[in-house]
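**Student:** First, the structure itself, so that you have it in front of you.
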Amino acid sequence: MDTALDDVAFLALSENRIALLDALSDEQTHSRDELMETTDVSRPTLARILDDLDSRAWITQHGQECRITELGAWVHEEFTNLLEMMATANQLRDFVRWMPADAIDHGLVRQLDDAELVFATESDPTAPIRRAGEHVRDGTRLRFLTTQVSVSYFAAMRDAVLNNDMSAIGVVTPAVCKTLRNDFTLTSLSRDLAESDSVRFLLTVDPPPILQIVDSTVGIGLVDTGKNPRGLILSDDGGVLAWAERTFESYREDATRLSSDKITQRQGPSHDSESTEEAEDLVDELLESSSDR
């Protein structure tokens, strides 16, 4: 008698067998001619596979007509689920090594079967950053943690804040804060964000995972040891959202609120050198405490 593993192998080793079960899965009666046309298999191959399926009680045959059984429909459904899970697992294979350890510990991998997975490639290394920005532009509420600065991402955030009335709370590291304040290409971006009533920045000395929550959809940014973007996971699963909100709140609660003059340098006559020096001192102090940990 065949074992369960034998039956799994019986299906897994033949695309034609799976195709025939797919064709019969509507639980309607089909003629052999219909099945030949649908699956594009030869008549001898069709006859052999149907006999094999019949011997397992997965289908019934009456002359030239065939129909899936209740048992066969169950086998087809569960095997299809297995294939879909394995397809997701295959995609996640490269993602898992870069996922935040806390996400792995909470079993989030099992909840990513419907997630959108965006890879960085040689031809498009910034694809995850660009997709994250697109996601932000569609939102009305943003909560995020980050250790990195991307002009395109912060531009997308500014566009959503100014054009869509999006509210945003971000927890950033001292290095991000210094970049926002000192990088010339970010001057107008950081000023617009910092001076908006809809945006709040907070400072943390503990490097957080790269995470965004846009309304109720979660984005998990994945970077390698060299801090290069490797991928993005977008999920609206309830369990993933609950983990993301707990993670965000854990960093927000211990973070220091930043006023606008601490993340942007104002130019011209209104430049406040005293407040800029104060900002520099605060960030340098936090950088030092971070490096001591």
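The values are calculated or read from the model by the stated rules, or taken from the named source; none is laboratory data. Please read all numbers here as calculations on a predicted model, not as lab measurements. Note that each Cβ is placed from the backbone with ideal geometry, even for glycine, and that neighbours are counted across all protein chains shown.
**Student:** Might you check whether a residue that is in contact with a Ser or Thr (Cβ under 7 Å, 6 or more places away or on another chain), modelled with pLDDT under 85, assigned by TED's automatic domain parsing to the domain that holds residue 111 and closer than 16 Å to residue 168 by Cα occurs anywhere in the stretch 198-218?
**Tutor:** no
**Student:** Considering the stretch 233-249 alone, what residues qualify as being surrounded by fewer than 16 Cβ atoms within 10 Å (Cβ to Cβ) and of a type outside the set (D, E, K, R)?
**Tutor:** 238, 239, 242
**Student:** Do any residues in the stretch 184-196 that are within 11 Å of residue 157 (Cβ to Cβ) have Cβ atoms under 7 Å from those of residues that are in a loop (DSSP other than H, G, I, E, B), where the two are at least six apart or on different chains, and which pairs are they?
**Tutor:** Pairs that qualify, where the first residue is within 11 Å of residue 157 (Cβ to Cβ) and the partner is in a loop (DSSP other than H, G, I, E, B), are 190/263; 190/264.
Per-residue answers, yes or no, for (1) touching a helix residue (DSSP H, G or I) at 6+ places or on another chain (Cβ under 7 Å); (2) surrounded by 12 or more Cβ atoms within 10 Å (Cβ to Cβ):
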site	(1), (2)
26	no, no
30	yes, yes
39	yes, yes
44	no, no
73	no, yes
87	no, no
91	no, yes
94	no, yes
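**Student:** I would also like to ask the following. Confirm whether residue 159 is without any contact (Cβ under 8 Å) to a residue 24 or more places away in the chain, surrounded by fewer than 22 Cβ atoms within 10 Å (Cβ to Cβ) and touching a helix residue (DSSP H, G or I) at 6+ places or on another chain (Cβ under 7 Å).
**Tutor:** Against the criterion (without any contact (Cβ under 8 Å) to a residue 24 or more places away in the chain, surrounded by fewer than 22 Cβ atoms within 10 Å (Cβ to Cβ) and touching a helix residue (DSSP H, G or I) at 6+ places or on another chain (Cβ under 7 Å)), residue 159 qualifies.
**Student:** Another question, if that's okay. With the stretch 1-112 as the region, which helices (runs of 4 or more DSSP H) entirely inside it contain at least 3 residues that are touching a His at 6+ places or on another chain (Cβ under 9 Å)?
**Tutor:** Numbers: elements: 4-12, 15-24, 32-39, 43-55, 70-96, 101-105.
Ranges flagged: 15-24.
**Student:** In addition: Hey, does the stretch 134-144 have a residue that's touching a Pro at 6+ places or on another chain (Cβ under 8 Å), under 27 Å from residue 91 (Cα atoms) and among the small types (Gly, Ala, Ser)?
**Tutor:** no
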